[in-house]
Structure formats: structure tokens, C-alpha cells
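**Q** I am attaching a structure below and will ask some questions about it afterwards.
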Amino acid sequence: MSTKEPKKKIKFIPYRPVGSKREYSNYVEVTKSMLDVSIKFCDVKPPENIEELQQVQKTGLLKLPIVTEVVLPLAIARAFLDALRTQMEKENK
């Protein structure tokens, strides 16, 4: 006879290690491929000088440096979307 222990459910606990940084983003771009979802986080800042302002006014384009890009497999992206919806609904209650 073999004795099998019941499988334990593993709980993931995120934590921020000392010295790790946190990023601020006020612009997000999301794109999807057949395999994954890419989320690009940017920090939009005003033009730094008059020349840059004039260039933006002339072209109508403002380049945004990507602070962080996260690429998620579709299954994880769906779980992320569900978790995001859950958190946003908590805010509305």
C-alpha cells in the first residue's frame, strides 16, 4: 500500500524586495498578438524646451519613452483582466 498525502494548494504572496523600484505610469498602450498581450507603460511629461514644444505643435506627435513593458501569455492576461475588474468593482462599492 502506498500512502499519498493530499496535495496542498500553493498560495502566491507578492512582495517588494528591499531596493527594488516602483514605476509610475500615466499612459498605457496594450497590444495583442496570437500568443500574448503586451502592456507598455509610459510617463507622459510636458515638452522640456520651446524647440520640443514647437516640434510637437508642428507634427502633432509626442514621443513617449516606455518605462516598462510587460508581456503576458494569453491565459495570464485573461486572469489579469479578471483580477483588474474585481479590483475596480471593489472601488465602486
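The values are calculated or read from the model by the stated rules, or taken from the named source; none is laboratory data. Values in this document were obtained by computation on a predicted structure and should not be read as measured data. Quick note on the areas: whole protein, heavy atoms, side chains included, nothing else; ligands and nucleic acids left out. Shrake-Rupley method; radii C 1.70, N 1.55, O 1.52, S 1.80 Å.
**Q** Using a 1.4 angstrom probe, figure out how much accessible area the chain has per residue, in square angstrom, rounded to the nearest whole.
**A** Numbers: 9240 Å² over 93 residues.
With all protein chains present, the chain gives 99 Å² per residue.
**Q** Could you work out the relative contact order of region 20-70, using alpha carbon pairs under 8 angstrom and six or more residues apart, expressed as a whole percent?
**A** 38 percent
**Q** Moving to a separate point now. At a threshold of 8 angstrom on Cα-Cα distance, excluding pairs fewer than six apart, so keeping six or more, what relative contact order does the chain reach in percent?
**A** 25 percent
**Q** Next question. Can you give me the % of accessible surface on region 1-76 that is carbon or sulfur? Probe 1.4 Å, all protein chains present, nothing else counted.
**A** 59 percent
**Q** Using Cα positions and a limit of under 18 Å, work out the aspartates and glutamates in reach of Lys21, with same-chain residues fewer than 8 apart set aside.
**A** Asp43, Glu69
**Q** Beyond a 30 Å Cα-Cα separation, which of these cross-linked pairs lie in this structure: Lys4/Lys90; Lys63/Lys90; Lys32/Lys90; Lys40/Lys90?
**A** From the list (Lys4/Lys90; Lys63/Lys90; Lys32/Lys90; Lys40/Lys90), the Cα-Cα distance tops 30 Å for Lys4/Lys90; Lys63/Lys90.
**Q** Step through the residues of region 37-49 one at a time and calculate ³J(HN,Hα) from phi using the Karplus curve (6.51 cos²θ - 1.76 cosθ + 1.60, θ = phi - 60°), rounding each to whole Hz and writing x for Gly and Pro.
**A** Going residue by residue, I get 10, 10, 10, 9, 9, 10, 10, 6, 10, x, x, 7, 8 Hz, with x marking Gly and Pro.
**Q** For Rg and Dmax of the Cα atoms in Å, the choices are (i) 13.7, 45; (ii) 20.9, 81; (iii) 13.8, 39; which was calculated from the structure?
**A** Matching entry in (i) 13.7, 45; (ii) 20.9, 81; (iii) 13.8, 39: (ii).
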